[in-house]
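As structure tokens, the structure follows; a few thoughts come after it.
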Amino acid sequence: MKKIEVLLTNEKYNIYIEKGLFESSGKKMKEIFVGEKITIITDDNVNPLYGEKLKKILEKSGFEVNTIVLAVGEKNKNFVTLNRIYKELIKFQTTRSDMIVALGGGVVGDVAGFAASTYMRGISYVQIPTSLIAQVDSSVGGKVAINLEEGKNLVGSFYQPKMVLIDPDLLKTLEQRYFNDGMAEVIKYACISDKQFFELLVSIENKEVLDENITEIICRCCEMKKKIVQKDERDKSERMLLNFGHTIGHAIEKIFKHETYTHGEAISIGMYLVTTQSENLGLSQVGTAVRIKELLTKFNLPYEIDKKYYEEIRNEITNDKKREGRSLNLILLKTIGEGYIMRIPIDEVNKFIETFRKPITIERDVYDNSINDY
Ligand code: GLY
């Protein structure tokens, strides 16, 4: 079994990764939790597949277990769902020494983690991610949140889990589209910090080879995330690199009301679009975008969007929560495997969502990449 230790200033926890690990969830829980009551928070897609099974496994280990089943989907990551969770926790007489287990994808992990961070000023929680996107990214690092009508993740906190249990076998029930959705985040990691990993992904020839390598792929992403989170738990510097493709991606998700594109599909378009433009601006090595496009295509991920949406994307970005004052932190690549943060004036954002027939020049002194001196 692979064990990755996340060492933070005030706490530490382990990520365990192994095929078949789900069956040992009760045993692993006993190692970190001495209380009695566990509330599983899951959704109505995951519950019939793994919720009932997990309840039995935990009960067999002597825990008293309650399950809260949420309606599936990003649109339910809101105050109404959160309020229902609080009420059910109270009904189950959950105390500060009890625990929550988030069993599901990113949405479940975010809302269950946020409930854990706020219920009675904070109770313990464990992540058991069931989607690839959650296994490689959202279950690690303690970002928990809910959405407001005005935007994604606008209310949240940094609240680390007590443990993350990753069983790649759980991905067997994941629809192909959602597997590919997770591959977009995998590609993101390769783009921002590991050229060799990018080449490994390029070399995967078919589904069999991918299945053989999936545990290794998840481990490498979790290792990269752990390193980044250890250096910058609160997303003030290096952690922002994880937002490669996300500024445009979040805008696309919002314009399409989180329905047309999955998160991974939206950030795929974001990664390609921003790199095409940064090449045009002389900020990325020429040829970087085409390599990203080839890899995205391999996993059936989109890389472009009708230009008629560019204006809306620009408008959304200027409202993005990452904007500080009149500037925006945009993540760019020097080349594959080398991400960097570029602080740009908000009025310059149009230059990154345009179609240029030929390279144009920019005033370099209005850009600031000193933020990369982590
Ligand atoms: N998913 C981005 C982060 O955890 O910072």
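For the stretch 224-239, the candidate set comprises residues that are near the ligand (Cβ under 10 Å from one of its atoms), charged (D, E, K, R) and within 14 Å of the chain's Cα centre (by Cα); within that set, the residue that is most open to solvent (accessible area, probe 1.4 Å) is Asp235. Taking the listed residues Lys75, Lys28, the one that is charged (D, E, K, R), closer than 30 Å to Leu148 by Cα and either in contact (Cβ under 8 Å) with a residue 40 or more places away in the chain or part of a helix (DSSP H, G or I) (or both) is Lys75, with no other qualifying.
Whether a residue is touching a residue at least 24 places away in the same chain (Cβ under 8 Å), within 16 Å of the ligand (Cβ to nearest atom) and surrounded by fewer than 23 Cβ atoms within 10 Å (Cβ to Cβ) was assessed, and Glu253 does not pass this test.
Screening the stretch 280-297 for residues that are without any contact (Cβ under 8 Å) to a residue 24 or more places away in the chain and surrounded by fewer than 22 Cβ atoms within 10 Å (Cβ to Cβ) and picking the one that is farthest from Ser268 (Cα to Cα) gives Val286.
Listed by first and then second residue, the pairs with beta-carbon distance under 6 Å, at least 6 apart or on different chains, first residue in the stretch 149-174 and closer than 26 Å to Asn78 by Cβ, second open to solvent by 50 Å² or more (accessible area, probe 1.4 Å) and of a type in the set (Asp, Glu), are Gln160/Glu11. Here is a check on your reading of the model: is Lys308 more than 21 Å from the chain's Cα centre (by Cα) and in contact (Cβ under 8 Å) with a residue 40 or more places away in the chain? The answer is no for Lys308. Look through the stretch 41-97, keep the residues that are open to solvent by 50 Å² or more (accessible area, probe 1.4 Å) and of a type in the set (A, V, I, L, M), and return whichever of them is nearest to the chain's Cα centre (by Cα). Per the stated criteria, the residue is Val72.
Of all residues in the stretch 145-169, none satisfies the criterion of being surrounded by 21 or more Cβ atoms within 10 Å (Cβ to Cβ) and within 10 Å of the ligand (Cβ to nearest atom).
Looking at Asn213, Asn206, Asn243, just one residue is polar (S, T, N, Q) and either in contact with a Ser or Thr (Cβ under 8 Å, 6 or more places away or on another chain) or within 11 Å of the ligand (Cβ to nearest atom) (or both), and that residue is Asn243.
In the set (1) in contact (Cβ under 8 Å) with a residue 60 or more places away in the chain; (2) within 14 Å of the ligand (Cβ to nearest atom); (3) open to solvent by less than 10 Å² (accessible area, probe 1.4 Å); (4) within 30 Å of Lys30 (Cα to Cα), the condition left unmet by Ile192 is number (4). Residues in the stretch 153-168 that are over 14 Å from Leu103 (Cβ atoms) and modelled with pLDDT of 95 or more: Val155, Gly156, Ser157, Phe158, Tyr159, Gln160, Lys162, Pro168.
The values are calculated or read from the model by the stated rules, or taken from the named source; none is laboratory data. Please read these numbers as outputs of a predicted model, since none were measured by experiment. So basically every Cβ, Gly included, is an ideal-geometry build from the backbone, and we count neighbours across all protein chains shown. Accessible surface areas use protein heavy atoms only, side chains included; no ligands, DNA or RNA. Shrake-Rupley method; radii C 1.70, N 1.55, O 1.52, S 1.80 Å.
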